[in-house]
1. Kindly provide the set of residues from segment 351-382 that are touching a His at 6+ places or on another chain (Cβ under 8 Å) and not β-branched (V, I, T), ordered by number.
2. Filtering segment 213-265 down to residues that are within 12 Å of the ligand (Cβ to nearest atom) and basic (K, R), which residue is surrounded by the fewest Cβ atoms within 10 Å (Cβ to Cβ)?
3. Looking only at segment 286-313, count how many residues are charged (D, E, K, R) and in contact with a Ser or Thr (Cβ under 8 Å, 6 or more places away or on another chain).
4. Check P272 against each of (1) at pLDDT 95 or above; (2) within 24 Å of D72 (Cβ to Cβ) and name the one condition it does not meet.
5. What number goes with the only condition from (1) modelled with pLDDT of 90 or more; (2) surrounded by fewer than 10 Cβ atoms within 10 Å (Cβ to Cβ) that T2 does not pass?
6. Residues that are crowded, with 17+ Cβ neighbours inside 10 Å, at pLDDT 95 or above, more than 16 Å from the ligand (Cβ to nearest atom) and over 22 Å from Y338 (Cα atoms): does segment 35-56 have at least one?
7. Of all residues in segment 95-132, which are of a type in the set (S, T, N, Q), in contact with a helix residue (DSSP H, G or I) (Cβ under 7 Å, 6 or more places away or on another chain) and in a strand (DSSP E or B)?
8. For segment 163-180: of the residues being touching a strand residue (DSSP E or B) at 6+ places or on another chain (Cβ under 7 Å) and in a loop (DSSP other than H, G, I, E, B), which is nearest to K298 (Cα to Cα)?
Amino acid sequence: MTASISLTDPDSPAFIDLAVEGVRRLRPYEPGKPVETLEQELGIKDSIKLASNENPLGPSPLALAAMRERLDAVSYYPDGFGFALKEAIARRHGVPMNCVTIGNGSNDVLELLARAFLAPGRSAVYSAHAFAVYPIVTTATGAVSRVATPNPPAAAMPYGHSLENLYHQVDRDTRLVFVANPNNPTGTWLTSDVLYDFLDSLPPHVICVVDEAYAEYVSEAEYPDASTWLERFPRLVVTRTFSKIFGLAGLRVGYGLSHPDVADLLNRVRQPFNVNLLGQDAARAALDDDAHIQRSRKVNDDGLAVLTRAFDERGLRHIPSVGNFICVDVAREALSVYDAMLREGVIVRPVANYGFPDHLRITVGTGPQNQRMLAALDKALQS
Ligand SMILES: *Cc1c(COP(=O)(O)O)cnc(C)c1O
């Protein structure tokens, strides 16, 4: 049915008027362009995608083997409790199993948090330039977003979260604060001492979500693993994902770590089978694949060094990043550079929707992918 088919009753309301307030105000998330879509559009081959912070080394071989072994079992529902996966996650973080909530990606856990704690008349607090899913899950519930001013461009962590400004946005009606550490798309991060003090300062009616989607990439000594603070801060929720360093973005598996009472609430709104059967087994195997994690971290460290040097040589400013991506200021409207790079078969991410119309967010690739991306960028900047 096309949108041009008119409703039988000319006086009937438009569907948008039937939708709930929060949904009416939503704009859908814009994902990175898939390689297949680009190749179909332009009739080209061998393009590369450095647009969604996926692991350029692919999935852990142990995860692949685990899935192959289980293919025949997909006629069964997955374990709705996620016992084996939860047990492995709990062991990894040294927390009891009832602190773990598994999600269809960590996006799902963010959604569960919003459903459990937000509603019209309540608010969520997050920073400008923070991960795009925070406004989406907040708005959908009809809650208000209170957006904190980020660090100024000249700060050590330009455009990063200002915990002081976040604190000042918290009010009586706030139930959730979203803190991404490191943040996407900026790649900026918060040190252990300031984040600890921030958590300590929050009033008791506020739950703070520390989103650690890129934690495994960060090697800075002052970078905290907030999951070690769960006992100290009962209103802390830490989210992690298998989409980034574990290389399983297509399977959609993530998790939250929290006080058991919070996990119990999330579990009430969770779909019973939100994490699929192959995903549960693959994620569990990937957790044990230290060699793959080490390799992935090394490729990323090397790639980040290559890209920052290359941008410096070209006089392009960039936001200092500890993630597997970097935001570069192309000093012009970035959409045209993005389009020109697409024609070279290189997909990166425009970030105007994040308030950065002159930046591109580029995922760190393998050595050859980075070189190809730089060649495409050079060509785009010359035209
Ligand atoms: C990629 C990302 C996620 C993870 O998303 P999944 O739903 O687990 O794939 C969460 N938070 C941030 C900041 C991210 O960049």
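1. Y354, G355, F356
2. Of everything passing the filter in segment 213-265, R252 is surrounded by the fewest Cβ atoms within 10 Å (Cβ to Cβ).
3. 3
4. Condition not satisfied by P272: (1).
5. (1)
6. Taking every residue of segment 35-56 in turn, none turns out to be crowded, with 17+ Cβ neighbours inside 10 Å, at pLDDT 95 or above, more than 16 Å from the ligand (Cβ to nearest atom) and over 22 Å from Y338 (Cα atoms).
7. If the condition is that a residue be of a type in the set (S, T, N, Q), in contact with a helix residue (DSSP H, G or I) (Cβ under 7 Å, 6 or more places away or on another chain) and in a strand (DSSP E or B), then T101, S127 are the ones that fit.
8. Step one: filter segment 163-180 for residues touching a strand residue (DSSP E or B) at 6+ places or on another chain (Cβ under 7 Å), giving 165-166, 169-171, 173-180.
From the residues that got through so far, the ones that are in a loop (DSSP other than H, G, I, E, B) too are 170-171, 173.
Numbers: V170: 39, D171: 42, D173: 44 Å.
Of everything passing the filter in segment 163-180, V170 is nearest to K298 (Cα to Cα).
The values are calculated or read from the model by the stated rules, or taken from the named source; none is laboratory data. Please read these numbers as outputs of a predicted model, since none were measured by experiment. Don't worry about glycine lacking a Cβ; one is built from the backbone with ideal geometry, like all the others, and counts go over all protein chains shown.
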